[in-house]
Amino acid sequence: MLGVTDSVPFADRPLFIVNPVSGGGRAGKRIDAMQTGIERAGLEFDHVLTEGRGHGRELAREAIGAGRTTLVACGGDGTVNEVANAILDCEAAGSVRIGTIGLGTGKDVAKCLGIGRGATAIRAIATGTERCVDVGRVEALDEDGQPQVRHFLLEASAGWVPEISQSVPRWLKRMGDTAPYLVMTGVKMLGPMGREFTVALDGTSYDGLYNTISVHNMELWGGDMMVAPGAAWDDGLLDVIRWADMGRRKVVEAVQGQRQGGIHLDMEGIDRHPAKVVELSSSKRSILDLDGEAGGYLPARITVLPGVLRFLAI
């Protein structure tokens, strides 16, 4: 642990949970600079490193059990997702705050909350400025077909697009925020791109062949891609996008549309609906992506938990 002191009570010292391999290992190289920035802000803190997938969730649970009241996820969106899930698993959202310093390939949660720059994120943590953030709740199946509950801040999705996210190798993430996902998009376009889904939005059911069904709580995904312009993290709603089984040329157009501020939503075959309850199933075994991380399998029931998370943001 770094930054341990005795002048601030243990429970009141923020615990920075750092994923050193985020961003293809770039996060580990930034730890010293991050520590300097935190100390300059006058914060007394503790610091632990994750050692693998899921370890951030475990460390956060341990910290909550020990009485911590402020947890800061330092890494990509997956690290934020792990810490947020631990807080909700422990039913500690009323007493534990979460912050983030974006160090990974995807820093979309931080960017959507206006704290994409490290100095801004540290200022929010130092001042204790809170925002009440909606969270998506997902009831789905685990690897063994047993019921599980997980949560997301950015998005939940199934189909071709999330399989891209799950296929990005760690070494490719060294290329930056968006480039790894674009590279894998090209690779995945060589195979089949559609499947049958049944999706119900607040009780209204749709059946069809889709490329992807994605459910959004914030505007961005995939490292800076504007997928759902205007999607608000505090409106008590989810934004559902149905992506038709488009050909390869149309898929490239849709990717470019996201990079150009969200104009893909004007394309034929892509539609958007607000919803509070989303039920999703497929005849094909389909993995769920939650904030860029594997989140179980369909069928899934997705709901919104309005303002449940106390997030440190300007």
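Please work out how much length the chain gains when fully extended from Arg123 to Ala41, using 0.36 nm per residue of separation minus the C-alpha to C-alpha distance, in nm with one decimal.
Contour length minus Cα-Cα distance gives 28.8 nm.
Can you give me the solvent accessible area of Glu196 with a 1.4 Å probe, rounded to the nearest 10 Å²?
Looks like 100 Å² after rounding.
With springs connecting C-alpha atoms under 10 Å apart, model the chain as a Gaussian network and identify which of Gly159, Gly292, Gly262 has the largest mean-square fluctuation.
Gly262
Can you give the accessible area of Val251, probe radius 1.4 Å, in Å² rounded to 10?
Accessible area of Val251: about 10 Å².
At Gln148 and Glu62, where each label point lies 7 Å from the Cα along Cα→Cβ, what is the point-to-point distance in nanometres?
2.1
Compute the semi-axes of the equivalent ellipsoid of the chain, taking the square root of 5 times each eigenvalue of the Cα gyration tensor, and list them largest first in whole Å.
33, 20, 17
Mind checking the per residue accessible area of the chain for me, 1.4 Å probe, whole number of Å²?
Computed with neighbouring chains in place, this is 41 Å² per residue.
With θ set to phi - 60°, apply the Karplus curve 6.51 cos²θ - 1.76 cosθ + 1.60 along region 42-54 and write out the HN-Hα couplings as whole Hz, x wherever there is a Gly or Pro.
Karplus values, whole Hz, x for Gly and Pro: x, 8, 9, 8, 10, 8, 10, 10, 7, 10, x, 4, x.
Would you tally the net charge around Glu196, using a Cβ to Cβ cut-off of less than 14 Å, leaving Glu196 out, and scoring K and R as +1, D and E as -1?
Residues close to Glu196 contribute a combined charge of +2.
Calculated FRET efficiency, His55 and Thr204, Cβ-Cβ r, R0 35 Å, to nearest 0.05?
Working from the Cβ atoms, E equals 0.30.
Give me the dipole magnitude in Debye, nearest 20, for the chain about the Cα centre, with unit charges on the beta carbon: positive for Lys and Arg, negative for Asp and Glu.
Its charge dipole is roughly 840 debye.
GNM, the chain, Cα, under 10 Å: largest mean-square fluctuation among Val252, Val96, Val72?
Of Val252, Val96, Val72, the most mobile in the Gaussian network model is Val252.
In square angstrom, rounded to the nearest 10, how much accessible surface does Arg26 have for a 1.4 Å probe?
Roll a 1.4 Å probe over it and Arg26 shows about 50 Å².
Mind telling me which of Ser214, Ser205, Ser157 comes out most flexible in a GNM of the chain, alpha-carbon contacts under 10 Å?
Among Ser214, Ser205, Ser157, the largest mean-square fluctuation in the Gaussian network model of the chain belongs to Ser205.
Counting only protein heavy atoms and a 1.4 Å probe, tell me what percentage of region 226-314's accessible area is made up of carbon and sulfur.
Here carbon and sulfur together make up 51 percent of the probe-accessible area.
So if we plug the beta-carbon distance of Asp89 and Ala232 into 1/(1 + (r/R0)^6) with R0 = 30 Å, what FRET efficiency do we get, rounded to 0.05?
0.75
The values are calculated or read from the model by the stated rules, or taken from the named source; none is laboratory data. All values reported here derive from a predicted model rather than from experimental measurement. Ideal geometry is used to build each Cβ from the backbone, glycine not excepted, and the neighbour counts take in all protein chains shown. To get the accessible areas, we keep the full protein, side chains included, count just its heavy atoms, and leave off ligands, DNA and RNA. Shrake-Rupley method; radii C 1.70, N 1.55, O 1.52, S 1.80 Å.
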